[in-house]
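Below is one structure, written out as structure tokens, with a few remarks after it.
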Amino acid sequence: MNIFAYIRVSTDKQDLDNQKFGVVEYAKKNRYAPVIFFEDQVSGKKSWKERGLKKLIDQTKKGDILLVSEISRLARSTLQVLEFLQEAAKKEISVHIVKSNMIMDDSLNSKITAVVLGLAAEIERDFISARTTEALAKRKAEGLPVGRRKGSVNITKKLDKRKDDIIDMLSKGIYKTEIAKYAECTPETLYRWMYANGLARYIESDKATKAVKAVKTRKKKSTKSVDKAETIG
């Protein structure tokens, strides 16, 4: 029996390292060794048959195990995920979803779970995209700037690259201050980024709410100051 691990990222080296760390810890916990890693730097929108994942599964045999950090690493659409799992079932290999601590095989329960997880991930991405588009359209209609503030590009990119890890930490109830330390930013910046990425449901404390309101207040004052200066001129 061989133990394979599939690691996929679009461009971020940090994300790749985080995925590998999670897989290694899972393998140690379950005494899976040695682990043969396959690293793929490509968008999940590309069919799994056109990625390294196809070469990986082609060399597997009955009884092998494939480790993946989360189901979205297999593909970005429910149909693609199910197609891959069907191929894995045909070859009689089991797919372990590390973050969810689940084993996907040819059982009915696994198939149902795959549908739910894949669909949920796809819907969440669509919601985030829609919310972002609507927010930008609203700001543009109100005559507000739609680009990032000067100096915020690097930190925003840093948070975007660590989005999966941040969401995982949020779902586990880790304090925002600890997450901010991990992301190397201030809690205020983290809250603002969370609002912009549709993660406001994780913000519950009064302190967090006040921090976000403070940011909005400063923005309004800044806008009023600009308008006043233009009027005086």
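Values quoted throughout were computed directly from the atomic coordinates according to the rules given, and no laboratory measurement underlies them. Source: prediction; values computed, not measured. Heads up, the Cβs are rebuilt from the backbone with ideal geometry, glycines too, and the neighbour counts pull from every protein chain shown.
Taking R0 as 41 Å, what's the FRET efficiency between GLU25 and LYS138 from their Cβ-Cβ distance, rounded to 0.05?
Step by step, r from the Cβ atoms, then E = 0.45.
The length gained by stretching the chain between ALA200 and MET1 to full extension, at 0.36 nm per residue less their Cα-Cα distance, is 67.2 nm.
Number of Lys-Lys pairs in the range 29-98 with C-alpha atoms under 21 Å apart and a separation of 8 or more places or on different chains: 17.
Amide H contacts of LEU67: PHE4, ALA5, TYR6, HIS96, each under 5 Å away and 5 or more positions distant or on a separate chain (H built 1.01 Å from N in the peptide plane; Pro and chain starts excluded). Peptides 65-72, 31-38 ranked from most to least packed by the mean count of surrounding Cβ atoms within 10 Å: 65-72, 31-38.
Taking other C-beta atoms within 10 Å as the exposure proxy, VAL9, VAL81 rank VAL9, VAL81 from fewest upward. The GluC sites (Glu not before Pro) of the range 169-206 meeting both criteria, a DSSP state outside H, G, I, E and B (loop) and at most 15 other C-beta atoms within 10 angstrom of the site's C-beta, are GLU184, GLU204.
Arrange the following residues from fewest to most other Cβ atoms within 10 Å of their Cβ: LEU136, LEU56. Don't jump to the answer; show the numbers that get you there.
Working: LEU136 13, LEU56 18.
Ordered from fewest to most neighbouring Cβ atoms within 10 Å, LEU136, LEU56 come out as LEU136, LEU56.
The stretch between LYS163 and GLU83, if pulled fully straight at 0.36 nm per residue, gains 26.2 nm over its current Cα-Cα span.
The residues packed around SER43, meaning those with a beta-carbon under 11 Å from its beta-carbon, carry a net charge of +3 if Lys and Arg are +1 and Asp and Glu are -1.
Projected label points at LYS91 and GLU188, each 7 Å from Cα along the beta carbon direction, are separated by 5.2 nanometres.
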